[in-house]
Structure formats: structure tokens, C-alpha cells
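The values are calculated or read from the model by the stated rules, or taken from the named source; none is laboratory data. Predicted model, so just to flag it, every value in this text is computed and none were measured. All Cβ positions, glycine included, derive from the backbone under ideal geometry; neighbour counts span all protein chains shown.
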Amino acid sequence: MTKRRVAIVGLGMVADVHARSLIDLSDRVEVAYAFSPTPARRESFAGRYPFPTAGSIDAILGDPSVDALIVLTPPNTHGDIVGKAAAAGKHVLLEKPLEITTERAEAMVAACEAAGATLGIVLQHRFRPAAERLAEILGRGDLGAVAGCSTTIRLWRPQGYYDEPGRGTLARDGGGVLLTQGIHTLDLMLSLAGPVVEVRGFAGTSPLHRMETEDMVAAGVRFANGALGTIDATTAAYPGFPERIELICAHGTAVLAGTGLDIAFRDGRRERFEPVASEGGTGADPMAFPHDWHRSAIADFLDTLDERRAPRVTGREALKAHRLIDALIEAGRTGASVTVAGS
């Protein structure tokens with residue numbers, strides 16, 4: 001197995017879970033650079049992790065020994081960085097979301113495809129063991145066809161979270177609860193229940209936050225197979241609760257709550273997957289969760305490079321969640337029924 005050389009690009013708050021994951025995977029991967037344009041961030045990161053730091057991204061792109069970039073920068077920088085990486089022959093593992101608009105995201109995905117660069121997206125909820133078990137059961141057909149799917153994302157972020165420069169703005173983040181937090185659960189929902197074709201609902205900013213983008217969404221949705229469902233998303237639900245996906249199927253009902261799973265089959269069988277004690281991340285500290293699922297996402301990306309296959313979450317796959325979010329925002333803005341693009 002080839003030991004891959006990678007560079008971490010961006011040393012903000014999510015960098016710690018990636019760094020811990022890369023240390024766990026040190027038999028497979030070597031961190032050649034950890035880049036931030038901010039000297040203080042480089043110094044702080046270097047004090048916590050044994051990786052060489054860099055203050056120039058051009059040096060990274062010009063190093064032929066670097067196989068891939070793990071890009072952790074703000075969403076509005078993704079298109080430029082990923083485009084340059086692809087042009088330099090580097091593969092990219094990118095933290096969600098793809099970009100601040102779907103148009104920019106589509107251009108970035110196309111640029112990677114044209115350059116032959118692999119683009120994987122960090123949507124780590126798919127790598128939770130309970131979610132993987134449910135996907136396996138659905139894939140085998142044990143639950144039968146999905147007739148209904150309700151998704152609840154009730155998180156808590158205090159005002160101080162949104163007081164940080166750029167947080168919850170269109171210019172830097174591209175959106176609020178849907179694009180910044182809910183995209184993980186929406187992507188998982190789509191991977192389990194299939195594509196959404198139509199949405200109706202409401203989206204707005206509650207009196208609990210001062211912010212530019214939405215912190216509360218309530219919608220009804222119709223899936224491609226005719227199933228109906230709901231999406232309820234907010235960052236105003238103190239103290240924060242595990243995200244929940246409920247699937248009503250022909251042969252039973254499955255409830256995926258955070259890292260736990262409970263399936264009741266109509267023939268009397270029951271399957272349970274107990275949640276992990278430290279699942280976290282739903283409250284005031286968005287990083288209060290274990291790095292296991294990020295490690296699995298990075299391992300899948302390394303497998304992708306070794307096996308020359310597509311990653312579990314490709315850029316094209318992640319675009320589905322972006323287009324659903326666009327439809328939810330448009331439905332909230334207009335009050336009309338909105339068809340999801342590409343459905």
C-alpha cells in the first residue's frame with residue numbers, strides 16, 4: 001500500500017479532528033504541510049501536532065511529492081483553492097459545504113473532473129456505524145420501499161457563535177442552519193431515502209439570533225419514489241438534540257437518532273444500535289464530538305486513491321444536498337412549491 005503525502009489547508013476549529021485522524025492513520029499517510037496564512041494559527045497548531053507548517057500554498061501546489069490536499073478553509077475560498085489544486089494535479093478532500101452557491105460548487109466539481117482530480121467531500125455522518133448499518137439493511141431490501149421520511153435537526157448555537165466575523169453570512173458561509181449544520185443530516189437522509197423532487201415550507205431567522213441567514217426551517221417534501229416527509233431544522237433549540245431521521249417503510253420503521261438506531265420490523269423482529277456516549281456537537285460547542293467518523297472519511301479517501309475508485313461522497317453526490325437546500329430556501333422565500341433542480 002502506498003503511503004500518501006498530504007497537506008492540510010486551513011487550520012481553523014475543524015483542523016483538530018482531521019489532525020487526530022491523520023495521526024491515527026500515520027501508517028498510511030504522511031502530513032507534508034499544514035498551511036494557514038495566519039502565523040498565530042500556524043504556531044498554535046504546531047504546538048499541538050507534529051506536522052510541518054507552511055505559510056505559502058504555492059509551495060504546496062508546487063511540490064510534486066504531495067498527492068492530495070485536505071481543504072478546511074471557509075466555504076467562500078473553496079472554489080479558488082480546489083481549482084488551483086486540480087490544475088496542479090492534486091486530489092482534494094474538502095470539508096462541507098462545497099461552496100457558498102450551487103453555481104460555484106458546480107463549476108468547482110466540473111473543474112476537478114476536467115483535470116482528472118479526485119474530489120471527496122467530508123460529510124462524515126454517512127460513516128457513523130449506525131448509519132452504515134441502516135444503509136446496509138435498506139440496500140438489502142429488508143425494510144422494503146420507503147413510504148415516508150421525517151428529518152429533524154434541532155441544534156443549539158448561542159449568539160456568541162454568530163458574533164464571530166463571517167458566521168452565518170452569505171458572503172463567507174453561503175447560508176445558515178441548512179448549509180452550515182444541516183447539510184450533514186440532509187446528505188445522510190438523501191443517501192438513505194433517495195432524492196427529493198419537491199418541497200414546500202418556511203425558512204427564516206428566529207428572534208433568538210441576530211444573523212443574516214436562516215436559523216429555522218420547516219418544510220414538507222416529496223421524494224422521487226412518491227414518499228412524503230418533513231424537514232425541521234434549527235440552531236435555536238437549547239441545549240441541542242441528536243439529529244433524527246425516521247423512515248416509514250413497507251416492512252417496518254427505522255429511527256436513526258444521532259449515533260443510535262432502532263428498527264422495528266412488522267414481523268416482530270427488533271434491531272437496536274446503542275448511541276455512543278460522546279456523540280455531541282449539537283450544542284454550544286460544535287466540535288464536541290469524537291474524530292472517529294472523520295477518520296473513516298479520510299480512510300475512505302485514501303482507499304479511493306489506492307484503488308482508483310470514486311470516494312463514498314463525491315462532489316456530484318454532495319451537489320444533491322446543495323440543490324435540496326436551494327429549493328428549501330426558495331420555498332421559504334416565495335411560499336410556493338419548488339421543484340428540486342436536477343430531480
Open item on the list: Is it the case, given these coordinates, that Val221 is under 20 Å from the mean Cα position of the chain (by Cα) and buried (at least 17 other Cβ atoms within 10 Å of the Cβ)?
Closed with: no
- [ ] Take Val255 and decide whether it is part of a strand (DSSP E or B) and in contact (Cβ under 8 Å) with a residue 24 or more places away in the chain.
- [x] no
Task: Filtered residues of segment 72-113 (kept if hydrophobic (A, V, I, L, M, F, W, C), assigned to a helix (DSSP H, G or I) and in contact (Cβ under 8 Å) with a residue 12 or more places away in the chain) - done: Ile81, Val82, Ala85, Ala86, Ala87, Ala105, Ala107, Met108, Val109, Ala111, Cys112
Open item on the list: Among the residues in segment 207-222, are any at pLDDT 95 or above, in the same structural domain as Ala327 (by TED's automatic domain parsing) and either among the hydroxyl-bearing types (Ser, Thr, Tyr) or part of a helix (DSSP H, G or I) (or both)?
Closed with: yes
Open item on the list: So, Arg316, is that one surrounded by fewer than 17 Cβ atoms within 10 Å (Cβ to Cβ), out of contact with any Leu (no Cβ under 7 Å at 6 or more places or on another chain) and assigned to a helix (DSSP H, G or I) or not?
Closed with: yes
- [ ] For segment 114-152, enumerate the residues that are within 21 Å of Thr282 (Cβ to Cβ), without any contact (Cβ under 8 Å) to a residue 40 or more places away in the chain and either of a type in the set (A, V, I, L, M) or in contact with a Pro (Cβ under 6 Å, 6 or more places away or on another chain) (or both).
- [x] none
Task: Matching option when the condition is modelled with pLDDT of 95 or more, closer than 15 Å to Arg312 by Cβ, touching a strand residue (DSSP E or B) at 6+ places or on another chain (Cβ under 6 Å) and of a type in the set (A, V, I, L, M), among Ile121, Ile153 - done: Ile121
- [ ] Go through the residues of segment 58-71 one by one and say whether even a single one is outside the structural domain of Asp326 (by TED's automatic domain parsing), loosely packed, with under 15 Cβ neighbours inside 10 Å and within 25 Å of the chain's Cα centre (by Cα).
- [x] no
Task: Breaking point among (1) touching a Gly at 6+ places or on another chain (Cβ under 9 Å); (2) surrounded by 24 or more Cβ atoms within 10 Å (Cβ to Cβ), for Gly174 - done: (1)
